[in-house]
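What follows is a set of notes on a single structure, which appears directly below.
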Amino acid sequence: MDAFYASVEQRDNPDLKGKPVAVGGSKERGVVAAASYEARKYGVRSAMPSVTAFKKCPHIIFVPPRFEVYKEVSKQIREVFSEYTNLIEPLALDEAYLDVTENKKNMEYAMDIAKEIKEKIKQRTKLTASAGISYNKFLAKIASDYNKPDGFYVITPKMAEKFIEQLKIEKFFGVGKVTAQKMHKRGIFTGADLKTKSLDELNRWFGKSGKYYFNVVRGVDNRSVNPNRIRKSLGAERTYSIDITNKIGLIENLNGIVEVLIKRMEKSDSSGKTLTIKAKYANFKQITRSKTQNDPNNTKGDYTYKQ
């Protein structure tokens, strides 16, 4: 979906149409959960500190998130998908992989299915979606981002080699900002550069991700669309309007987050062995600390901070 949360807010509030909108945060504190395309023109992006977003776009409008509404719209979109296939792998509320090799309507071409899905989503939700069509997940994902908003892009097997070679390394799914910087230091700026590196080199530089980079730059991605993908993590976090500067206040607020986390774990019948704490300072520097137990954590006592 295109700028999903922000687009829903603009749809439901005509006063926001055509204006730079950020869902989440405020001009004083917080993080942008989603930015409208009008806000993106100023360099505002999701996961950006709200203060930074306000500096880039002083007339930006901050809107509190309405996750129940987003979930309901997501359900409508999922219903459209299910008219064509049961092989649906959600990545988030606004994104999913579909395998339409065999589909319920016996349509021959995936691009025709994608066009119909885009049209139905627009009819039923008044929102636009972008579709990427290809023969594997890696290329379909890249294609879906290629002509946003309201995008539609096909990468055929014949196109793949040339397309990947000219692709900037930052556009590779799975290559984040830090990894891109590491690649630049190795002289890797495009797919063509990456392709010159051996599997041994990539394994040495990037660990277990090395094989993935080696394969996808050659157009190889054999991951199947998995409708039963198991969620690997569950969390809770809060941004405070005032800095917490003492230990007692920190512990109280941390235990409040634990309450939220435990409720989410109970609702999803989840447990985990690794507990991670993330802290962000007033200057937006962020640190994380993790601890892994031999047995799963699934009770409040496992998480509550004890002095």
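Read the figures in this text as sums done on the coordinates, not as results from a lab. Predicted model, so just to flag it, every value in this text is computed and none were measured. Here the Cβ is made from the backbone with ideal geometry for all residues, glycine too, and neighbour counts use every protein chain on show.
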Task: Label-point separation, Lys41 to Glu28 (7 Å along Cα→Cβ), nm - done: 3.0 nm
Task: the chain - charge dipole about Cα centre, Lys and Arg +1 at Cβ, Asp and Glu -1, debye rounded to 20 - done: 980 debye
TODO: Would you work out the charge dipole size for the range 95-146 about its Cα centre, treating the Cβ of every Lys and Arg as +1 and the Cβ of every Asp and Glu as -1, and quote it to the nearest 20 debye?
DONE: 280 debye
Task: Which listed pairs, of Lys126/Lys168; Lys208/Lys291; Lys137/Lys158; Lys71/Lys168, have C-alpha distances above 26 Å, in listed order - done: Lys126/Lys168; Lys71/Lys168
Open item on the list: Please give me, ordered by residue number, the chymotrypsin sites (Phe, Trp or Tyr not before Pro) of the range 171-239 that lie in loop per DSSP and have at most 14 other Cβ atoms within 10 Å.
Closed with: Phe189
Open item on the list: If amide hydrogens are placed 1.01 Å from N in the peptide plane, which non-local residues have theirs closer than 5 Å to the one on Ala96?
Closed with: Leu91
TODO: Kyte-Doolittle cut-off -0.5, length cut-off 24 Å along the helix's own axis using Cα: show which whole DSSP H helices in the chain pass.
DONE: 247-268
TODO: Give, rounded to the nearest 20 debye, the magnitude of the charge dipole that the range 201-254 has about its Cα centre when Lys and Arg contribute +1 at Cβ and Asp and Glu contribute -1 at Cβ.
DONE: 400 debye
- [ ] Have a look at Thr196, Ser233, Pro90 and report the one farthest towards the positive end of the charge dipole of the chain, computed about the Cα centre with Cβ charges (Lys/Arg +1, Asp/Glu -1).
- [x] Thr196
TODO: Select from the range 23-123 those trypsin sites (Lys or Arg not before Pro) which occupy a DSSP coil region and have at most 13 other Cβ atoms within 10 Å, ordered by residue number.
DONE: Lys41, Lys104, Lys105
Task: Filtered GluC sites (Glu not before Pro), the range 81-144: DSSP coil and at most 11 other beta carbons within 10 Å - done: Glu102, Glu108
- [ ] Provide the gained length on full extension for the span Asn228 to Asn294, in nm with one decimal, where the gain is 0.36 nm per separating residue minus the Cα-Cα distance.
- [x] 21.2 nm
Task: Charge context of Asp150, other residues only, Cβ under 10 angstrom, K/R +1, D/E -1 - done: +2
Open item on the list: Residue by residue through the range 285-291, what is 3J(HN,Hα) from phi via Karplus (6.51 cos²θ - 1.76 cosθ + 1.60, θ = phi - 60°)? Round to whole Hz and write x for glycine and proline.
Closed with: 5, 10, 10, 10, 9, 10, 9
Open item on the list: So I have (i) 19.3, 62; (ii) 21.6, 64; (iii) 18.8, 58, and one of them is Rg and Dmax of the Cα atoms in Å calculated from this model. Which one is it?
Closed with: (ii)
Open item on the list: So for the range 68-155, considering every pair of alpha-carbon atoms, how many percent are separated by more than 20 Å?
Closed with: 27 percent
